[in-house]
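What follows is a single structure, written as structure tokens, with notes after it.
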């Protein structure tokens, strides 16, 4: 297998910040997998197909949930609790970066979908895939840094009741169907 998700114990989730940071860890992991897939031309057809399926599933199922967590649960609470322009500006930038991330994924997802059923085309698309995977890594690192260093610290001053509501909303988005799909990419 090219790369598998670790099944070891992770830090307990005690609030929305923990949940969002755990998502960031998975985003970094899948970004690394995208780069690895693009450069491992010696990988077996089964490994190429499996990695492509896992990437496609993660970025088309889990990422939209994470973005909803930020856009629908995090942003409104931060905006309503703050009078500062920097909060609004940072949240606007976060939203713009979500859009840029989708521009990159619009190039990658069709390639991953194709590799699922035609892993032998990896040789032919490896250079393009590697370039787009580098773009993904760059966009993600800039985006995650903004959230982790600027936006997420603003969660802590929120009242505990608001943070608890936010965590409940985040958990509610992880339906049984979603969790089943996510379990399939961890194997």
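The values are calculated or read from the model by the stated rules, or taken from the named source; none is laboratory data. Because the structure is a prediction, the values reported are computed rather than measured. With ideal geometry, Cβ positions are generated from the backbone for all residues, glycine too; neighbour counts draw on all protein chains shown.
Please tell me if residue 130 is under 30 Å from residue 40 (Cα atoms), surrounded by fewer than 19 Cβ atoms within 10 Å (Cβ to Cβ) and out of contact with any strand residue (DSSP E or B) (no Cβ under 9 Å at 6 or more places or on another chain). Considered against the rule, which asks whether it is under 30 Å from residue 40 (Cα atoms), surrounded by fewer than 19 Cβ atoms within 10 Å (Cβ to Cβ) and out of contact with any strand residue (DSSP E or B) (no Cβ under 9 Å at 6 or more places or on another chain), residue 130 comes out as yes.
Contact map, segment 87-109: first residue more than 22 Å from residue 56 (Cα to Cα), second residue outside any helix (DSSP H, G or I), Cβ cut-off under 8 Å, separation 6 or more or different chains; pairs are 88/82. Counting the residues of segment 82-99 that are over 15 Å from residue 27 (Cα atoms) and surrounded by 15 or more Cβ atoms within 10 Å (Cβ to Cβ) gives 6.
Listed by first and then second residue, the pairs with beta-carbon distance under 6 Å, at least 6 apart or on different chains, first residue in segment 58-70 and under 15 Å from residue 183 (Cα atoms), second crowded, with 19+ Cβ neighbours inside 10 Å, are 58/30; 58/185; 59/105. For the structure I just gave you, tell me whether residue 90 is within 24 Å of residue 158 (Cα to Cα) and modelled with pLDDT under 95. For residue 90, the condition - within 24 Å of residue 158 (Cα to Cα) and modelled with pLDDT under 95 - is not met. Any residue in segment 117-125 that is in contact with a helix residue (DSSP H, G or I) (Cβ under 9 Å, 6 or more places away or on another chain), surrounded by fewer than 15 Cβ atoms within 10 Å (Cβ to Cβ), closer than 19 Å to residue 39 by Cβ and in contact (Cβ under 8 Å) with a residue 12 or more places away in the chain? Yes, segment 117-125 contains a residue that is in contact with a helix residue (DSSP H, G or I) (Cβ under 9 Å, 6 or more places away or on another chain), surrounded by fewer than 15 Cβ atoms within 10 Å (Cβ to Cβ), closer than 19 Å to residue 39 by Cβ and in contact (Cβ under 8 Å) with a residue 12 or more places away in the chain.
The number of residues in segment 34-43 being more than 21 Å from residue 135 (Cβ to Cβ) and in contact (Cβ under 8 Å) with a residue 40 or more places away in the chain comes to 1. Only one entry of 28, 56 meets the criterion of being surrounded by fewer than 18 Cβ atoms within 10 Å (Cβ to Cβ), modelled with pLDDT of 95 or more and over 23 Å from residue 169 (Cα atoms), and that entry is 28.
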